[in-house]
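Novice: Here it is, the structure in full.
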Amino acid sequence: MFLAMTSSGNLLFAKTIPVQLKCEYHLNPIGIDVTSPRLSWQIVTDRSGYLQSAFEIKVSSSEAGLKNTKNLIWSSGKVASDQSVNVEYTGAGLQPMQRYFWQVRVWDNDGKPSDWSAPAFWEMGMLQPSQWSASWITSPSEKDNAAAQPAHFFRKEFATAKPIQSARLYITSLGLYEAYINGKRVGDELFTPGWTSYKKRVQYQTYDVTSLVGASNTIGAIVGDGWYRGFIGFSGQRSYYGTKSALLAQLRIVYTDGTESVVASGSDWKTATGPILESDIYNGEIYDARLEMGDWCKPGFDDAKWVSVATYQYPKENIVAPQGDPVKAIEEIKPVKVFRTPKNELVLDMGQNLVGWVKIKLSGKAGDKVTLKYAEVLDKAGNFYIDNLRAAKATDIYTLKGGGEEVYQPRFTFHGFRYVMVEGVEQIAAEQVIGVVIHSEMAPTGTFSCSNELINQLQHNIQWGQKGNFLDVPTDCPQRDERLGWTGDAQVFSMTAAFNFDVAAFYTKWMKDLSLDQAANGSVPYVIPDVLNGAGASTAWADVAVIVPWTVYRVYGDKRILEQQYASMKLWIEYMRQRAGDDLIWSGDFHFGDWLAFASNRSDYTGATTEKDLIATAYFRYSSMLVSKIAGIIGNEQDAKSYAALSDKVKEAFIKEFVTASGRLVSHTQTAYSLALAFDLLPESLKEAAAGFLANDVKSFGHLTTGFVGTPLLCKTLAETGHADLAFMLLNRKEYPSWLYPVTQGATTIWERWDGQKPDGSFQDVGMNSFNHYAYGAIGEWLYHYVAGLDLDVQKPGYKHIIFHPHPGGNLTHASAEFKSLYGLITSSWKIDQSQFNYEVTVPANTTASVILPIAAFESLMVNGLPVSGAKNVKAFRDTENTKVEIGSGKYLLSYQLK
Ligand code: BGC
């Protein structure tokens, strides 16, 4: 390592080098099928104010080949460019199943080159359906599929005769699979092949299994029901995608002599059922360890009782490589206590509402049965409470085989829980149990903290809400018989999500399914992947088609997602145009509206009900405005103009229909005013009046009244219209309804409802009362953008230019945010020290930043201990409202005297 840090964090050896080489958002991915992959790197340097002026990329089929410039597959040459994120590969056509090594070097603003980076690679997967020589196989003895089915085991023995250079397993299933070679689990991914719109596409995974294959071998897999044919959706619906589970596997072995062979699933494989009697996403697993089959996946196992598989005619055209992040077991959590409830139930408290399962150590006689039930909360009396899980049984049942310690954890199912009830044992020690937290393996990117511990707990709850609901698709909730990719929830939370974790790849995958499931007339299903037979087109839900790609563009500078989703976005706008008709007021259709808004179902007060037509027309304006901008970004000037015109006309129509001459809206609600102000739906002359109505409504209630639609916009709109004091009041409020009320009740995740559990311990409507629903967590965006002051500049997306604008308020004495952007770490941290305001920021190499401070700060402003006029590489000036400081990469402490 050429770099060394002193304890104060300074670099000792002066050097610059590109690091964190990523391809399609992943480090060294294998099995991708993007034919012009995008490459990104970060620049580590001791130089402040670093800007990349050029780059050079080399690509070769071997690591050694990178040294020999004659045999390169692609050499970009020196390209004058400041782009270090998502640079497209434009070399020769990429070959299936080949690995490509690459390296990059960069030049700085003075034309000085860096060293070459360490080599990185990506590896292509299958690129054509014809490359699958394997056949789909299934069990010939499928039962009636009305109930959960036992998981099927598949196996095949084979030998190799020559020394092996490399081996890759390409594999997928209808249902969920786990693969094994010679008794060892292949990889550590869970819930493979992932959840896509299966009728349109199924993902396969690629595993490097070189170390698992030897001279004599067995390859095998277990396939369970999963989303494909288990219970999914509502009303006991099963088999949405198909009634047969199946496996498709192809092992490619390359020998050291350059020859290759393939072991592929086909009629010569055998199948049986074993200990997994049922595995269902909602209901849990039933496992009888007495039926375990020992070394079923090792050579020499007696499979006389196994039967030959049936091959299954199922298309191979739409089998695609994954774009998202695999689901994995990410952390483990120890129970904080074991106790008996008043009803004498034996219960473990994990101390955190989490998603996954428990791994438990047991001993007993063969045939002893242990039942694990999962719950999010205890009821008023302190008893185990599962009514809010609706029809989801969320139960794992394990039958012991006897003869010593047994360790059990389920698969092909997950539970949303904080409490676990154990039946069938006299006692349980906390040491016997561990909570396994599973979610998509997104890199954590953001933190927020401040001087108020309750708000810090809120941030914790937001992050756990995301962990629990980012399990291959963004779900509404992880516990009841739902767990669907609800579009409205995802839309409002997307910017917050992109702060907490790197969601670029995750959303890219999900958006693809959206465009596949979108109806020809443009209607976007309520849930993606759609399992509700196309039901959709609710305002603010369907707009996810535009808003999520827009978020990915803003946060990661990703233009490709805009290009890829553009047709889908446009289709959605045209759907709205068609439904709205000539007057451009979208009226009369079904919408969810400001879902779960305060008092919307109270007979004594209807004021928090925002008219659905108003919301629909507001979103019509907003999404068409975004599509106009997006069209401009991807170079479609004509659409940019026509959608801008449409959007402006919708605004005029909105004003005519919903706004009075005094700036009052027909729905006099916080949500209506927030929408109108945030989506630019008012004439300039009425904005202040409307903001006044909003502020007065907040004052007269003393709290928010918003649901899913208004909540994400409320604090932002108040703050931006001169009412930051009210926004902070809402943030700090501890009584229902508020963000902190659940925190005061011990919540460890975000609740679906403002009053999921009431102060007296009673519950909201059991029909819909999740304690892990991230939608209201959308306030997170405001915490880091506004309160901590770490914001982006949409003109230079991906945080290429950063806007630092801290907003002390709400009695906070400090707040800080950290964000690992694609360029590197950004920090924004302010603190009030008596009469001094200290503000520390970090700007990564190859980015620039503007710091915005109050106008009065200018007089006493110091930068890194020097008066601002003398500070190096810093430009400071006053405009009419602010002090502005322009800075390049580096670390800065800005301080000034508070009056
Ligand atoms: C889900 C929501 C969703 C809603 C539609 C509920 O069942 O849990 O979060 O957005 O339906 O309004």
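Novice: With label points built 7 Å along Cα→Cβ from the Cα atoms of residue 662 and residue 71, find their separation and express it in nm.
Specialist: That separation, rounded to one decimal, is 8.2 nm.
Novice: Counting Lys and Arg as +1 and Asp and Glu as -1, what is the net charge of the other residues whose Cβ lies under 10 Å from the Cβ of residue 631?
Specialist: Numbers: positive: 570, 629, 641; negative: 637, 639.
So the surrounding residues net to +1.
Novice: Right, another one. What is the Cα convex hull volume of segment 305-387 when expressed per residue in Å³? Can you show the working numbers first?
Specialist: Details: hull volume 20.2 nm³, N = 83.
Each residue corresponds to 244 Å³ of Cα convex hull volume.
Novice: Could I ask something else about it? Which number gives the lysine pairs in segment 126-280 that have C-alpha atoms under 25 Å apart and are eight or more places apart or on different chains?
Specialist: Close lysine pairs found across segment 126-280: 12.
Novice: Also, quick follow-up: Taking every pair of Cα atoms in segment 178-335, average 1/r, invert it to obtain the Kirkwood radius, and report Rg/Rh to two decimals. Before the final figure, lay out the partial values.
Specialist: On the way: Rg = 17.1 Å, Rh = 17.8 Å.
Value, to two decimals: 0.96.
Novice: Ordered by residue, what ³J(HN,Hα) values in Hz, to whole numbers, does segment 326-340 give under the Karplus form 6.51 cos²θ - 1.76 cosθ + 1.60, where θ = phi - 60° and Gly and Pro are x?
Specialist: Once θ is set to phi - 60°, the couplings for segment 326-340 become x, 7, 9, 6, 9, 9, 10, 10, 8, x, 8, 6, 10, 8, 9 Hz.
Novice: May I ask you to list the aspartates and glutamates whose Cα is less than 18 Å away from that of residue 58, ignoring any residue fewer than eight positions away on the same chain?
Specialist: 24, 82, 88, 115, 123
Novice: Give me Rg over Rh for segment 517-609, both radii from the alpha carbons and Rh done the Kirkwood way, two decimal places. Display every interim value, and only then the final one.
Specialist: Numbers: Rg = 15.7 Å, Rh = 14.9 Å.
Looking at segment 517-609, the ratio lands at 1.05.
Novice: Using a 1.4 Å probe over the heavy atoms of the protein chains, calculate the carbon and sulfur portion of the accessible area of segment 656-727 as a whole percent. Show your work: numbers first, answer last.
Specialist: Values: 1260 of 2540 Å².
Accessible surface attributable to carbon and sulfur in segment 656-727 totals 50 percent.
Novice: Another question, then. Taking a ≥ b ≥ c as the square roots of the eigenvalues of the Cα gyration tensor of segment 801-884, is the shape rounded (a/c under 1.5), prolate (a/b larger than b/c) or oblate? Walk me through the numbers on the way to the answer.
Specialist: Numbers: a/c = 1.66, a/b = 1.13, b/c = 1.48.
Cα axes put segment 801-884 in the oblate bin.
Novice: In debye, nearest 20, what is the charge dipole magnitude of the chain about its Cα centre with +1 on Lys and Arg Cβ and -1 on Asp and Glu Cβ, if you could check? All intermediate terms of the calculation are to be shown ahead of the outcome.
Specialist: Details: 83 positive and 94 negative charges, 266 e Å.
For the chain, the charge dipole is close to 1280 debye.
Novice: Report Rg (one decimal) and Dmax (nearest whole number) for segment 611-735, counting Cα atoms only, units Å.
Specialist: Using the Cα atoms of segment 611-735, the pair Rg, Dmax is 15.3, 51 Å.
Novice: Further, regarding this structure: Using the Karplus curve 6.51 cos²θ - 1.76 cosθ + 1.60 with θ = phi - 60°, work out ³J(HN,Hα) for each residue of segment 731-737 in order, rounded to whole Hz, and write x for Gly and Pro.
Specialist: Residue by residue, segment 731-737 yields 5, 7, 5, 9, 8, 4, x Hz.
Novice: For residue 629, go through the lysines and keep the ones whose alpha-carbon is under 17 Å away, minus same-chain ones fewer than eight residues off.
Specialist: Reachable lysines: 559, 570, 641, 649, 651, 796.
Novice: Can you list the residues, at least 5 places off or on another chain, whose amide H is less than 5 Å from the amide H of residue 557, using H built in the peptide plane?
Specialist: Excluding prolines and chain starts, which carry no amide H, the hits are 798.
Novice: Could you work out how far apart the two model spin labels at residue 92 and residue 235 are, taking each label as a point 7 Å from the Cα in the direction of the beta carbon, and quote it in nm?
Specialist: 5.8
Novice: Over the Cα atoms of segment 545-595, how large are the radius of gyration and the largest Cα-Cα distance (Dmax), in Å?
Specialist: 13.8, 38
Novice: Report the calculated FRET efficiency for residue 133 and residue 391 (r = Cβ-Cβ distance, R0 = 41 Å), to the nearest 0.05. Write down the numbers at each step before the final one.
Specialist: Values: r = 42 Å, r/R0 = 1.03.
Calculated value: 0.45.
Novice: Less than 14 Å Cβ to Cβ from residue 34, Lys/Arg counted +1 and Asp/Glu -1: what total charge do the surrounding residues give? Mind showing how you got there, number by number?
Specialist: Details: positive: 22, 38, 509, 512, 560; negative: 24, 33, 88, 123, 558, 563.
My count for the surroundings of residue 34 gives -1.
Novice: Evaluate the chain: find the radius of gyration of its Cα atoms, find its Kirkwood radius, and give the ratio Rg to Rh.
Specialist: On the way: Rg = 28.6 Å, Rh = 29.4 Å.
Ratio of gyration radius to Kirkwood radius for the chain: 0.97.
Novice: Taking θ as phi - 60°, what are the ³J(HN,Hα) couplings along segment 771-788 by the Karplus curve (6.51, -1.76, 1.60), each to the nearest whole Hz, with x for Gly and Pro?
Specialist: For segment 771-788, the Karplus-derived couplings read 9, 8, 9, 6, 3, 5, x, 4, 5, x, 4, 5, 4, 8, 6, 9, 5, 6 Hz, x marking Gly and Pro.
Novice: Net charge around residue 167, counting only other residues with Cβ within less than 15 Å of its Cβ (Lys, Arg = +1; Asp, Glu = -1)?
Specialist: Numbers: positive: 99, 156, 162, 168, 184, 252; negative: 123, 208, 257, 260.
So the environment of residue 167 carries a net charge of +2.
Novice: Would you compute, for the Cα atoms of segment 34-156, the largest minus smallest coordinate along each principal axis and list the three values in descending order, in whole Å?
Specialist: The principal-axis extents, from largest down, are 72, 34, 21 Å.
Novice: Now, a different point. Distance in nm between label sites at residue 520 and residue 146, each 7 Å beyond Cα in the beta-carbon direction?
Specialist: 3.5
Novice: Here's a follow-up. I need the calculated FRET efficiency for the pair residue 633 and residue 891, taking r as the beta carbon distance and R₀ as 22 Å, to the nearest 0.05.
Specialist: Values: r = 32 Å, r/R0 = 1.45.
Between residue 633 and residue 891 the formula returns 0.10.
Novice: Additional query: Whole number in Å², please: accessible area per residue of the chain, 1.4 Å probe, ligands, DNA and RNA not counted.
Specialist: 37
Novice: I've got another one for you. Once every DSSP H run of n ≥ 4 in the chain is given -39500 (n - 2.57) and the sum is divided by its residues, what mean residue ellipticity at 222 nm do you get, rounded to the nearest 500 deg cm²/dmol? Please list the in-between numbers first.
Specialist: On the way: 13 runs with 179 residues, N = 899.
Counting only the DSSP helices, I get -6500 deg cm²/dmol.
The values are calculated or read from the model by the stated rules, or taken from the named source; none is laboratory data. What you see is a predicted model, and the numbers here were worked out from it, not measured in a lab. As a convention, Cβ positions derive from the backbone with ideal geometry for all residues, glycine included, and neighbour counts pool all protein chains shown. All accessible areas refer to the heavy atoms of the entire protein, side chains included, with ligands and DNA or RNA removed. Shrake-Rupley method; radii C 1.70, N 1.55, O 1.52, S 1.80 Å.
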